[in-house]
Amino acid sequence: MPKDHGFAFHPIALIFPLLEGDELEALAENIRANGLWESAWLYEGKVLDGRNRATACKLAGVTLKTREFKGDRLAALRFVWSENFHRRHLNPSQAAVAEAKRGKLGAEYGAEVEKMKEAQPKGGRPKKGEKPRQQIAEVSPDERKTSDRRAKSVGSNRRYLEAAEKLLEESPEKLVPVEKGEKTLSQVLREEKREQVQAKLAAFPSDKYRVIYADPPWSYGNSGAVSDHDAYSRTARHYPAMTIAELCALDIKSIIAKDAVLFLWVTSPLLAECFPVIKAWGFEYKSSFIWDKVKHNFGHYNSVRHEFLLVCTRGSCTPDAKKLHDSVVSIERTAKHSEKPEEFRKMIDGLYKHGKRIELFARAEAKGWDRWGAEA
């Protein structure tokens, strides 16, 4: 643990983020100019409250004044929380992390309290020569709140709190930038999911496929569709988005047959940007279908109600069937994000009756099709 003036920081003191940079320098300068007016609290030989003062005193070359906190650990935890939470300007992510840390320590110290209560002699005054019984704090209703109520009480939400609790147990290092205010919990969760997806995407099947059907998780970061209310920008919440460079880097060539066809879904904002992906995967653009979704959607220049299904080939791979389908297919979209009508898969099955087929970035099973992707 870090030490200042010979004192380590108590685990309870680590609930809240430490001041850094200009804020810490400003505090040190104030102490250097005006002295230290408020002592730091010590508990169990460690700094319980006043880490920032202790660190600033060290920077300012000023002796740290201290006083001892008396009470059990549960009381110490409540003291630090009451002294700090309402005067710290924490964003919802930071508040969730602080509450997760408080909850973890509260559960640990609460268990200690229950054991101490069980060990106490029952009833009556202590006998002559017997030590006075220790005053033991009760576990308050606050420590028994549900996740939803706990999250709301600190100005956060249950999703953030549960994520913070999970990361605190499994990957506490990922919470450091959240505590510093450099990242939100949403960003950390997206990065974590992205890592999981990348791990799954690293393993390609060994077969060769004649028919490939793909609905990539396009990234709209550079497309102009950046509103949080925009349907495009919500993609990453369902399937971690991938940049054009990341999609191009996928070794799709290793799983396609010499003669193959690719059916690729793409939306209007990325129509031009998708062509490097088609080339990197070993295909050439040939034609397209348009899915008329009937229901209107968000857009910057018009009300977008369609998506493109591009037809691309490698080698010689014209359809097995001679039936020509209408290039515009009108099917009302569902409420489920990115769900494509099954009619398009049936159309592909009708056009290409032979050869192995695979769906890339698959979200559900389909008879006769292999799947590859994060949800496969």
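Listed values, structure above:
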| item | result |
| --- | --- |
| Members of region 57-87 that are over 32 Å from the mean Cα position of the chain (by Cα), without any contact (Cβ under 8 Å) to a residue 40 or more places away in the chain and more than 27 Å from Lys115 (Cβ to Cβ) | Leu59, Ala60, Gly61, Val62, Lys65, Arg67 |
| Unmet criterion (only one of (1) under 30 Å from His354 (Cβ atoms); (2) modelled with pLDDT under 90; (3) of a type outside the set (A, V, I, L, M, F, W, C)) for Asp215 | (2) |
| Residue in region 36-71 that is modelled with the lowest pLDDT, counting only those that are among the acidic types (Asp, Glu) and surrounded by fewer than 16 Cβ atoms within 10 Å (Cβ to Cβ) | Glu38 |
| Residue match in region 24-41 (condition: within 25 Å of Glu108 (Cβ to Cβ) and of a type outside the set (Gly, Ala, Ser)) | yes |
| Filter result (touching a residue at least 40 places away in the same chain (Cβ under 8 Å), among the acidic types (Asp, Glu) and under 30 Å from Trp281 (Cα atoms)) within region 165-212 | Asp207 |
| Positions within region 322-365 being surrounded by 13 or more Cβ atoms within 10 Å (Cβ to Cβ), free of Cβ contacts under 8 Å to residues at least 60 places away in the same chain and aliphatic (A, V, I, L, M), in sequence order | Val329, Ile331, Met347, Leu351, Ala362 |
| Filter result (more than 11 Å from Ser93 (Cα to Cα) and buried (at least 16 other Cβ atoms within 10 Å of the Cβ)) within region 163-200 | Glu165, Leu167, Leu168, Lys174, Leu189, Arg190, Glu192, Arg194, Val197 |
| Tally of residues being of a type in the set (Asp, Glu) and either closer than 16 Å to Trp81 by Cβ or in a helix (DSSP H, G or I) (or both) across region 9-64 | 5 |
| Scan of region 243-282 for residues that are assigned to a helix (DSSP H, G or I) and charged (D, E, K, R), ordered by number | Glu246, Lys253, Lys279 |
| Number of positions in region 118-170 that are at pLDDT 70 or above and either of a type outside the set (Ser, Thr, Tyr) or not in a loop (DSSP other than H, G, I, E, B) (or both) | 23 |
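The values are calculated or read from the model by the stated rules, or taken from the named source; none is laboratory data. A quick note: this is a predicted structure, and the numbers were derived from the prediction, not measured. All Cβ positions, glycine included, derive from the backbone under ideal geometry; neighbour counts span all protein chains shown.
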